[in-house]
Amino acid sequence: MGLEKKIKQKASELGFDIVGITDASAIGAAHRNLLADWLKDGFAANMNYMHRNFEKRINPAKLLENAESVICLGLNYKPKSRKQNITDKKEPTGKVADYACYEDYHNFIKGQLRNLTEFITSITSQPVKFKICVDSVPLAERALAERAGLGFIGKNRMLINSQLGSQIFLAEIITTLKLKKDKPIMPDSEKNNESRKPVEPGCLNCNRCVDACPTGALRPDGRLDAEKCISYLTIEYKKQIPYEVAGKMGNRLFGCDRCLLACPYQKNAPCCKNDRIKFYPDRMEISLQHILTLNDADFKTEFADSPIKRTGLDALKRNAKICLSNLK
Ligand code: SF4
Ligand code: SF4
């Protein structure tokens, strides 16, 4: 069995659903230009970190000296228990994005990636270096995943796999090991095609995610306007949420899945089959009064292993108040 196949088999044993390999060269000009224009036009809102490390973000070789390959991995997180766990509780509740109902995936996936790098080291005869990336490293991970054959980037700006949909945690291992690369599903991903549009032909004439977005954050030109995105505003934005968007948030307490769930590729996607990552059904809908009565210590304890802790208690209470006002 070849090295690439052994790596993919081990990744599958570790619970990843999809694995692809690409080289460590910079992402193509089309993706690079799209990112540069998106930043220039101010659609990253207050995400100033997106403006920093642009060269690293577009070029994995800048993150690891002598990098040769990038192993791109995906873990399907479609919840198993949506129907039976969303109850018609009498008290007002706020919705939490599906990914945040799991334990913090950064920690879980980092552990699995370390296991994978240890395995690769054990089956190679030469010294190999790795850089593990799970969201916290500047890297154009969707463009790389697309080039590694994991799927295509849809109008909802997510990586879409035709079998798994777009509820996928993405992660990467940059390595000095030279591996045979996989072919992208969309041939344009490999070309330096500067005229490529932001949206892949995988969407065909579909527009469901754009129509489903309650705030118009998904623009007709295929770009995301973060200033209007509920996901960004409820998780990363720390100031007062603009009135016009707040009124359209409904009871979204933390994040928003609307454009993901509207996608036809998501509809028949299988549920998460990885039993090692902890899922908390009770977090799918949380009592808004409960959030408003939490103190700092309770918040830290209750959400210690959750991505929800990243937003902080003040922002979560701000969101809860908006949800309550929208439910009146
Ligand atoms: S996450 Fe919600 S608000 Fe943001 S683009 Fe998708 S549907 Fe629109
Ligand atoms: S909902 Fe339609 S347009 Fe949006 S990402 Fe899915 S296939 Fe593409």
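The values are calculated or read from the model by the stated rules, or taken from the named source; none is laboratory data. Worth saying up front: this structure is predicted, and the values here are computed from it rather than measured. We place every Cβ from the backbone using ideal geometry, glycine too, and count neighbours over all the protein chains shown. In case anyone asks, the SASA skips ligands and DNA or RNA and just uses the protein heavy atoms, side chains included. Shrake-Rupley method; radii C 1.70, N 1.55, O 1.52, S 1.80 Å.
Structure data summary
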| item | result |
| --- | --- |
| 10 Å-binned pair-distance histogram of region 114-179 (Cα, whole percent) | 19, 43, 29, 8, 0 |
| Heavy atoms of residue 159: accessible area, 1.4 Å probe, square angstrom to 10 | 10 |
| For the chain, Cys with no neighbouring Cys Cβ under 4.7 Å | 72, 101, 133, 203, 206, 213, 229, 256, 263, 271, 272, 323 |
| Estimated distance in nm for a label pair at residue 280 and residue 106, the labels positioned 7 Å out from Cα along Cα-to-Cβ | 1.6 |
| Nearest-10 value in Å² for the accessible area of residue 310, using the 1.4 Å probe | 130 |
| Point-to-point label distance, residue 289-residue 66, nm (Cα→Cβ direction, 7 Å offset) | 6.3 |
| 29 Å Cα-Cα threshold exceeded, pairs from 78/183; 10/78; 40/178 | 40/178 |
| Segments 145-157, 262-274, 315-327, 13-25 sorted - mean Cβ within 10 Å per residue, highest first | 145-157, 13-25, 315-327, 262-274 |
| Gap separating the Cα centres of region 1-68 and region 233-300, nearest whole Å | 26 |
| Other-chain or far-sequence residues with amide H under 5 Å of residue 69's (modelled H) | 24, 175, 177 |
| With all protein chains modelled, accessible area of residue 284 [1.4 Å, Å²] | 10 |
| Exposure rank, largest accessible area first [298, 257; 1.4 Å] | 298, 257 |
| Hits among aspartates and glutamates - C-alpha to C-alpha of residue 131 under 17 Å, sequence gap 8 or more where chains match | 23, 55, 65, 68, 118, 141, 172 |
| For the chain, calculated [θ]222 nm from helices alone, where every DSSP H run of n ≥ 4 adds -39500 (n - 2.57) | -9000 deg cm²/dmol |
| Across 155/239; 80/328; 238/309; 155/317; 5/278; 56/110, pairs whose alpha-carbon gap is larger than 23 Å | 155/239; 80/328; 155/317; 5/278 |
| Net length gained if the chain between residue 324 and residue 129 were fully extended (0.36 nm per residue, minus Cα distance) | 65.2 nm |
